[in-house]
């Protein structure tokens, strides 16, 4: 998704773009996601600012590709399960509000039920985030790529990053030959560290595995993205141990998607029954109606995770001509348009974007995403 | 060995030399139908000349058994108030109430 957005905004800035992917469109992390465009789970800081910009850009894209990407501005509802949890959630929401997030406190079980009639009874309250939205990620990536007009080279793996005598990037090598280009954007997601290594530098992207359960098709039983307040803590945690918290949402196609688990187990693709059991149980606790619904299938993937939970975006100062756009963890689909815009700006010297440039504050924001901030590979040219 | 293709005695029961126990009754949308022990719900419906017992979610198109071996999920029916049962796999039992499934079969849950 991030790569598709980079291609889209770069092409729109007048650049000639070739997309090289060793797999099919959305064959990696994008296709294993839920397509969430969230501001609700982000604490104030650079990632939230990026998410707020992306939220606006997704709305513009949705007007450009109506219905085809299944864009649903349905809002999010974060639910506390204890009074103490509700206090913490309210405090968190207050800081988000100051940072520009629209959200409203929901008081008591009755008010929750007005929003989500199938929620379990007796919950103390929550916070409603109308800016949260969703797309179908594979469709969104495909339509952005198509609209970009970029040349697609699918099923073609980058085996080397070509560099000139001065160390600057001058293209990539694939089994089909050399592809010369003055700029290479690394949007390889969870595998971004490998591309960085091919370019002679380092990016410590790590995989964080997550499972999703897919129910049989239902009428709309869950109106918004609904999740338990502990999810926010799980997202922010750096722990390698398994964490699960109920995240439940309907889809335009009918099935309800149930997440979310996080664990650092490398690229282990084996199915974990224990994770599936926990996800199902927690979803049933939040929405008892789901206990009588069948799970049709599950899928899982690997979130690209950087040590400080922020993506790497922009020109990599260590390798001239190399641009990074990876490490968005579980927020890549949501953050893709803003990332694409930042990268297009970096590629063109600041003229990209629907209104001719980035918003005020963008330079500070870009600073937080500097690819070389981890202090590894510095001086490697 | 040649057979007359119009020979109506070539029923599935004859072909399998089956001698099932006596038939019992199930219903489709309240209409009584005979079923044999060991028959799937889909087989009983087919034997009664019924080919469709579900409508699709979006366009309301008729659906019945397609693959007949549990793979395609086309033959979904509501059996004893449980939607999304694969009629080709569910054995018919005396008194089963099969109802035509409209869409997801769970319209009652919609909010």
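Here are a few things to note about the model shown:
- Verdict on residue A:290 being under 30 Å from residue A:120 (Cα atoms), out of contact with any helix residue (DSSP H, G or I) (no Cβ under 8 Å at 6 or more places or on another chain), buried (at least 20 other Cβ atoms within 10 Å of the Cβ) and modelled with pLDDT of 90 or more: no
- Only one of A:110, A:105 that is surrounded by fewer than 17 Cβ atoms within 10 Å (Cβ to Cβ), over 30 Å from residue A:345 (Cα atoms) and out of contact with any helix residue (DSSP H, G or I) (no Cβ under 9 Å at 6 or more places or on another chain): A:110
- Scope the stretch A:118-143; condition in a loop (DSSP other than H, G, I, E, B) and either touching a residue at least 60 places away in the same chain (Cβ under 8 Å) or within 14 Å of another protein chain (Cβ to nearest Cβ) (or both); matching residues: A:118, A:119, A:120, A:131, A:132, A:135, A:136
- Residue identified as free of Cβ contacts under 8 Å to residues at least 40 places away in the same chain, more than 14 Å from every other protein chain (Cβ to nearest Cβ) and within 24 Å of residue A:72 (Cα to Cα) among A:239, A:245: A:245
- Members of the stretch A:94-117 that are in a loop (DSSP other than H, G, I, E, B) and free of Cβ contacts under 8 Å to residues at least 60 places away in the same chain: A:99, A:100, A:102, A:117
- Every test in (1) part of a loop (DSSP other than H, G, I, E, B); (2) buried (at least 16 other Cβ atoms within 10 Å of the Cβ); (3) within 14 Å of chain B (Cβ to nearest Cβ) is passed by residue A:253 save one, and that test is (2).
- Residues located in the stretch A:24-52, provided they are crowded, with 22+ Cβ neighbours inside 10 Å and in a helix (DSSP H, G or I): A:30, A:47, A:50, A:51
- When the residues of the stretch A:166-225 are filtered to those that are without any contact (Cβ under 8 Å) to a residue 24 or more places away in the chain and within 30 Å of residue A:308 (Cβ to Cβ), the one that is nearest to the other protein chains (Cβ to nearest Cβ) is A:194.
- Some residue of the stretch A:197-217 being in contact with a strand residue (DSSP E or B) (Cβ under 8 Å, 6 or more places away or on another chain), part of a helix (DSSP H, G or I) and not assigned by TED's automatic domain parsing to the domain that holds residue A:283: yes
- Strands (runs of 3 or more DSSP E) contained entirely in the stretch B:7-111, each with at least 1 residues that are closer than 24 Å to residue A:295 by Cα and within 14 Å of another protein chain (Cβ to nearest Cβ): B:76-79, B:82-86
- Boolean, residue A:209 is over 15 Å from the mean Cα position of the chain (by Cα), under 30 Å from residue A:46 (Cα atoms) and crowded, with 18+ Cβ neighbours inside 10 Å: no
The values are calculated or read from the model by the stated rules, or taken from the named source; none is laboratory data. Note that the structure is predicted; figures quoted are calculated from it, not measured. Reconstructed Cβ throughout: ideal geometry from the backbone, glycine too, with neighbour counts over all protein chains shown.
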